[in-house]
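Chemist: Supplied in structure tokens, the structure appears directly below.
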């Protein structure tokens, strides 16, 4: 597996994660993560957890969660939700068919050679040379392929699903690097304007949601060279 698809969780410190939790707006089912944040993060540190990679390791299985709950005194239900939340920092690859506005013919041509999701595509398109070779192999236009490459790039950011990725792409903030350098308020206005015009989703998102995407994009490897 090419680890550059994902954030390096070994470099994502527990203290940094504490700051993320403090800023995040949680669904009711995950509000427990905002309870006693300072106390619980300190407990994790005292039990040798320095970063998110350590955390995933000690919570990898249900049995490990039970053991760590007993060892640390942290509630088991809290640890299970924490595990789910941390795992989301390595988002599952998106099926290329899920992106709105993408030509089905291009998707079918890629599928014929085993490229069906963003992870498959990422491994083949990190450089211009690789993209040129893939376009020639599949008889996909460079424009069609670049669109898929950028959607793939953006979707590596936690919280950016296929529909949200489309809105980002249409805004011109169409790479992880561009997102990481954006101003939340300005980008939010652009995204809302595009969604209102094209009606990609009825779901609401806020300037704070956009800021979270910008901040996490700073940690996503800028592995695709344009």
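Chemist: All but one of (1) assigned by TED's automatic domain parsing to the domain that holds residue 143; (2) surrounded by 14 or more Cβ atoms within 10 Å (Cβ to Cβ); (3) touching a residue at least 40 places away in the same chain (Cβ under 8 Å) hold for residue 116; which doesn't?
Modeler: Exception for residue 116: condition (3).
Chemist: Taking the stated definitions as given, is residue 54 assigned to a helix (DSSP H, G or I), more than 27 Å from residue 5 (Cα to Cα) and at pLDDT 95 or above? Full working, then the answer.
Modeler: Values: assigned to a helix (DSSP H, G or I): yes; more than 27 Å from residue 5 (Cα to Cα): no; at pLDDT 95 or above: yes.
No, not satisfied.
Chemist: Could you please tell me which pairs satisfy a Cβ distance under 6 Å, a separation of 6+ or placement on different chains, a first residue in the stretch 40-53 that is within 19 Å of residue 216 (Cβ to Cβ), and a second residue that is part of a loop (DSSP other than H, G, I, E, B)?
Modeler: Every condition considered, the pairs that remain are 51/12; 52/12.
Chemist: Within the stretch 62-92, count every residue that is at pLDDT 95 or above, assigned to a loop (DSSP other than H, G, I, E, B) and surrounded by fewer than 17 Cβ atoms within 10 Å (Cβ to Cβ).
Modeler: 2
Chemist: Follow-up question, since we're still on this one. Go through the stretch 4-32 and report how many residues are out of contact with any strand residue (DSSP E or B) (no Cβ under 8 Å at 6 or more places or on another chain) and outside any helix (DSSP H, G or I).
Modeler: So the answer is 7.
Chemist: Next question. State all residues of the stretch 98-113 that are surrounded by fewer than 19 Cβ atoms within 10 Å (Cβ to Cβ) and not in a helix (DSSP H, G or I); if no residue qualifies, say none.
Modeler: 100, 101, 102, 103, 112, 113
The values are calculated or read from the model by the stated rules, or taken from the named source; none is laboratory data. From a predicted model like this one, the values you see are computed outputs, not experimental measurements. Methodologically, a virtual Cβ is constructed for each residue, glycine included, from the backbone with ideal geometry; neighbour enumeration extends over all protein chains shown.
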